[in-house]
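Below is one structure, written out as structure tokens, with a few remarks after it.
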């Protein structure tokens, strides 16, 4: 089942990461060269510190990505989330 595009989605707030569901960029030469492709971007819905909340405009999958796994907050020893 496809979910609708999040109302917070704004095409001016983008992220270039692989979608874990559709992997639509797997055959894209621009993406393979780690350049920002005009077709294979994701909506950056929001972030909470290093955790990005994303949505794929192709398959509408929503997910969160921790860009700094294993990093802890200063002073409390708990992982950033």
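Quick notes
- Residues 34, 54, 65, 44, arranged from fewest to most other Cβ atoms within 10 angstrom of their Cβ, appear as 34, 65, 44, 54.
- Going from the fewest other Cβ atoms within 10 Å to the most, the residues 40, 61 appear in the order 61, 40.
- This structure gives Cα Rg over 2.2 N^0.38 Å, computed directly, and of [x] 1.21; [y] 1.90; [z] 1.31 that value is listed as [x].
- Taking other C-beta atoms within 10 Å as the exposure proxy, 45, 5 rank 5, 45 from fewest upward.
Laboratory data are not the source of any read-out in this text; all were calculated from the coordinates shown. Everything numeric here is computed off the predicted structure, so don't read it as measured data. Cβ atoms come from the backbone with ideal geometry, glycine included; neighbour counts cover every protein chain shown.
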